[in-house]
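Read the structure below first, then the notes.
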Amino acid sequence: MSFADELFIQTIEDILDHGVSDEGMHVRPHWKDGTPAHTIALFGVVHRYDLAKEVPIMTLRRTYWKSAWKELSWIWLQKSNKVADVGSHVWDAWADGNGTIGKAYGYQMGEKARYRDVTAEGIRKAFGGTPEEKKIVQDENGIYLLDQTDRIIYQLVNDPASRRIMSNIYHIDELADMALAPCAYSMTFMVTGNRLNAILNQRSQDMLAANNWNTMQYALLVYALASAYGFEPGEFVHCIANCHVYDRHVPIVKELIRQPLHPAPTLAVDPTIHDLYQFTANSFTMTGYTYNDFDAKFEVAI
């Protein structure tokens, strides 16, 4: 079976057997009819995947991994907060009057900060051009400004031994300006030998609606970064603080984990791409992806 299936089944069973319900407590999420959306949850769930051994995609049901990449690209590459840029209606429920999700997700990845260690030569090495050509500016003190995506690329190319290669979009002072506080909020990268490893920190995870979706998004990001900048894919660790199943999803997950199991497919990454910004969903090829036609409909809490 796919290792992602194995972890999913184990986690669902653990939640159902040992999780704690928040029934009777005030909760923010609700269903479309206004009913509070309660959960059964576990604290501090950690999933570990060796990306060199197997792509972490579920076969219990289909994961639309190309759509997952497109949403990841909306955040990390487009750095957009406009829901129209996603290419789906997933974010419509959180859109404001201007069609944005406020200062959340892509907006945070695009925010620039000052880095004293950034040099013109380092920029040329990381991005293939001068600061002027790449429109990377300096402040009044001559310190270069990079956004979070560019900072990670810069470090991987110029300082792969750094223990500070990370992103963080959970900015306390701007939460009031976000339509939704980020769920998956931080990535930390570490190079061991020539393997690129990463940890995804997530404050909250709806197991049915989003678990393998988020896993595949950030696994594909690791595959892309590794391929583009000369590394081998390493370990991907997914740390989930509140790992839950919603009350109305319990019958569905019980049915889902009883579905037939299939081997994991094989993933190939276009080796000719050496710039993260050039990746599209078509830069990845999935071979032998067999999955169940499990199409049970379910509502997503908002």
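A few remarks follow.
- Residue pairs meeting the criteria (Cβ under 8 Å; at least 6 apart or on separate chains; first among the polar types (S, T, N, Q) and modelled with pLDDT of 95 or more, in region 7-23; second open to solvent by less than 50 Å² (accessible area, probe 1.4 Å) and in a helix (DSSP H, G or I)): 11/207; 11/211
- Positions within region 35-65 being farther than 20 Å from residue 250 by Cβ, in a loop (DSSP other than H, G, I, E, B) and either open to solvent by 40 Å² or more (accessible area, probe 1.4 Å) or among the charged types (D, E, K, R) (or both), in sequence order: 52, 53, 54, 62, 64
- Count of residues meeting criterion [among the acidic types (Asp, Glu) and outside any strand (DSSP E or B)] in region 184-232: 0
- Residue in region 83-95 that is of a type in the set (Phe, Trp, Tyr) and modelled with pLDDT of 95 or more present: no
- Residue ID - least open to solvent (accessible area, probe 1.4 Å), chosen from residues in region 78-97 that are of a type outside the set (S, T, N, Q) and within 24 Å of residue 236 (Cβ to Cβ): 86
- Condition met for residue 149 (of a type in the set (Val, Ile, Thr) and free of Cβ contacts under 8 Å to residues at least 24 places away in the same chain): no
- Residue 75 being open to solvent by less than 40 Å² (accessible area, probe 1.4 Å) and either over 22 Å from residue 152 (Cβ atoms) or not in a helix (DSSP H, G or I) (or both): no
- Looking only at residues of region 1-21 that are in contact with a Pro (Cβ under 8 Å, 6 or more places away or on another chain) and part of a loop (DSSP other than H, G, I, E, B), we find that the one that is nearest to residue 48 (Cα to Cα) is 2.
Let's see how each residue does on (1) crowded, with 22+ Cβ neighbours inside 10 Å; (2) in contact with a helix residue (DSSP H, G or I) (Cβ under 8 Å, 6 or more places away or on another chain):
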| position | (1), (2) |
| --- | --- |
| 185 | no, no |
| 192 | no, no |
| 205 | yes, yes |
| 231 | no, yes |
| 244 | yes, yes |
| 258 | no, no |
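- Single residue of region 142-166 satisfying the filter (of a type in the set (D, E, K, R) and in a helix (DSSP H, G or I)) that is surrounded by the most Cβ atoms within 10 Å (Cβ to Cβ): 150
- Among residues of region 112-131, those that are surrounded by fewer than 14 Cβ atoms within 10 Å (Cβ to Cβ) and under 26 Å from the mean Cα position of the chain (by Cα), counted: 2
The values are calculated or read from the model by the stated rules, or taken from the named source; none is laboratory data. As the structure is a prediction and not an experimental result, all values here were calculated from the model. Here Cβ is always computed from backbone atoms with ideal geometry, including for glycine, and neighbour counts include all displayed protein chains. Protein only, heavy atoms only, side chains kept; ligands, DNA and RNA dropped before computing areas. Shrake-Rupley method; radii C 1.70, N 1.55, O 1.52, S 1.80 Å.
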